[in-house]
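For reference, the structure is listed below as C-alpha cells.
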Amino acid sequence: MTAQSSWAIGYLDTWTTYERYVGWSCVPNSDEIVGIHIYASGVYIGGGNAALTREFAVAQACNSSHSNHGFDIPVNVPANFRDGTMRDVVVYSIHSNGTSAPLTNVPMRIRFDALPGRARPQNLGDIVGRDFGYGWAPLDYFGHIGIWDGNSVIEAIGSADGADTLKITAWENFSNSSNGWPVKVPVVKDFAQEYCSSTTCPLGNSTTFWPWIAPGSRHVGPEREIAAKRAYVSYLIGASYTRLGSFTPTQQGTGRYAIETCNPFKKDQCRPPFIQTKPARGTYRCETFVMHSYAASAIGTGYATPEQKIASWNPNRPPEWDRQMQWMMSPARLRTPRTMYDNFGTWNY
C-alpha cells in the first residue's frame with residue numbers, strides 16, 4: 001500500500017474496540033468520500049467507507065462543504081487474533097486517485113479480547129491444555145497439556161512422530177487446534193536456585209577449564225523458569241513417545257576435568273584429562289513431560305539439573321516445594337493430562 005500522508009487527515013476515536021472501529025477521515029479541501037482499510041498486526045481485518053455524518057468540527061478540519069466523513073465499522077476478527085494480546089492497529093484512508101494514507105493517530109494499541117481457552121500465557125512455565133484426539137482409548141477424554149517457554153508451547157505429541165515426540169508449537173497453532181483450556185499458572189514457592197540450562201553441564205570446579213560451555217547456560221531463577229528451561233533442554237536432547245503413565249527422563253550430559261591427576265606443585269603446567277557423559281534421550285507422554293520438567297525445579301526429587309543449588313543470597317529452601325513435587329510424582333497418583341493440569345493449581349504437600 002502506497003501511503004502519502006499529505007493526502008488525508010483523520011482520527012480513530014478513543015471508544016474504538018477490537019471489533020468496532022469508529023472515527024473520521026477525509027482528503028483536505030475536498031468533499032470526497034474516502035474508503036477505510038483496517039490492519040491489525042499487519043493483517044487486513046476489515047474496511048468500509050467514511051460517509052457517516054459527524055460534528056461540524058470535522059467539516060472545518062477537512063475544509064469540506066459537509067461533515068459526512070465519519071465511519072463506524074464492525075469487524076469479524078479472525079479467531080486466531082482473539083488471544084488477549086495488545087496489537088498495533090493501523091487504519092488507512094483509501095482515495096479515488098489510487099493513493100492511501102494512515103490516519104493521524106495510528107498505530108493505536110488495542111487489546112483483542114480472548115476467546116475461551118485462547119488467552120496467551122503470560123508467565124514462563126505456565127501450563128496450557130486443550131482437548132485432544134489421541135485416536136485410541138481411553139485417553140481421548142482426558143485432553144492434552146504442554147508447557148509455555150515464554151514464546152511457544154513445548155509439548156509431547158506421540159501421534160505426530162513417536163520417535164521424536166517433543167515439539168515446539170506456536171501459540172496460534174496450539175490454541176486453534178481444538179477446544180482450549182484456561183491457562184494454568186502453577187502454584188510455586190518462587191525461591192531462587194542456581195541451575196544449568198545446557199544439554200551438557202560442568203561438574204565441580206571444572207568451570208575454570210570449561211572453554212566450550214554454551215554462554216549463558218548458568219542461571220539463577222525460580223521454579224517456573226527452571227521448568228521452562230528444562231523443558232527446552234529436553235527438546236534439544238530428544239525423546240520418544242510412550243503410551244504408559246511411567247516415563248524415562250532425558251538426562252543432561254556432564255563433563256569435568258580430572259584435576260585430581262595434576263601435580264599440586266605444577267598446576268599451571270597441568271592439562272587434566274576431560275571426562276564426559278553424553279546427554280541421554282527420554283520417553284514421555286504429554287503429562288509426564290510437563291511433570292518431569294517441573295520436577296527438575298525441586299532438588300529433593302532427584303531430577304534437578306547437575307549440581308543445582310540454592311542461590312547463595314537465598315539460602316533457605318522451602319521443604320514444602322520438594323514435598324509438593326513428590327506428591328505430584330507419586331506412582332500412586334492417577335496420571336492423565338487433566339488430573340496433572342488440575343494438580344498444578346493446588347497445594348497438596
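Descriptive notes on the structure:
- The lone exception for Y44 - which of (1) in contact (Cβ under 8 Å) with a residue 60 or more places away in the chain; (2) more than 15 Å from W7 (Cα to Cα) it fails: (1)
- Of all residues making up region 50-63, the number that are open to solvent by less than 20 Å² (accessible area, probe 1.4 Å) and farther than 15 Å from V22 by Cα: 2
- With respect to (1) open to solvent by 40 Å² or more (accessible area, probe 1.4 Å); (2) more than 21 Å from I299 (Cβ to Cβ); (3) modelled with pLDDT under 80; (4) over 23 Å from the mean Cα position of the chain (by Cα), the lone exception for R256 is condition (2).
- Whichever residue in region 186-224 is at pLDDT 85 or above and among the polar types (S, T, N, Q) and, among such residues, is nearest to W321 (Cα to Cα): Q193
- Selection within region 276-303 - open to solvent by 30 Å² or more (accessible area, probe 1.4 Å) and touching a helix residue (DSSP H, G or I) at 6+ places or on another chain (Cβ under 9 Å): P279, A280, R281, I299, G300, G302, Y303
- Here is the figure for region 149-178: residues that are modelled with pLDDT under 85, more than 15 Å from D83 (Cβ to Cβ) and open to solvent by 40 Å² or more (accessible area, probe 1.4 Å) total 4.
- Test: residue in region 77-95 that is among the hydrophobic types (A, V, I, L, M, F, W, C), open to solvent by less than 20 Å² (accessible area, probe 1.4 Å), over 30 Å from S177 (Cα atoms) and at pLDDT below 95: no
- In region 281-310, of all residues being more than 26 Å from the chain's Cα centre (by Cα) and of a type in the set (G, A, S), the one that is farthest from T250 (Cα to Cα) corresponds to G300.
- Tally of residues being open to solvent by 30 Å² or more (accessible area, probe 1.4 Å) and part of a strand (DSSP E or B) across region 97-114: 4
- Answer residue from region 322-348, given it is in contact with an Asp or Glu (Cβ under 7 Å, 6 or more places away or on another chain) and either of a type outside the set (A, V, I, L, M) or assigned to a loop (DSSP other than H, G, I, E, B) (or both) and is farthest from I145 (Cα to Cα) among those: R335
- Comparison of I73, I127 shows that the only residue that is of a type in the set (V, I, T), at pLDDT 90 or above and touching a Lys or Arg at 6+ places or on another chain (Cβ under 6 Å) is I127.
- Residue in region 59-76 that is without any contact (Cβ under 8 Å) to a residue 24 or more places away in the chain, of a type in the set (G, A, S) and assigned to a loop (DSSP other than H, G, I, E, B) present: yes
The values are calculated or read from the model by the stated rules, or taken from the named source; none is laboratory data. Just so it is clear, the structure is predicted and the values come from calculations on it, not from any experiment. For neighbour counting, all protein chains shown are included, and Cβ atoms are generated from backbone atoms with ideal geometry for every residue, glycine included. SASA here: full protein model, heavy atoms, side chains in, ligands and nucleic acids out. Shrake-Rupley method; radii C 1.70, N 1.55, O 1.52, S 1.80 Å.
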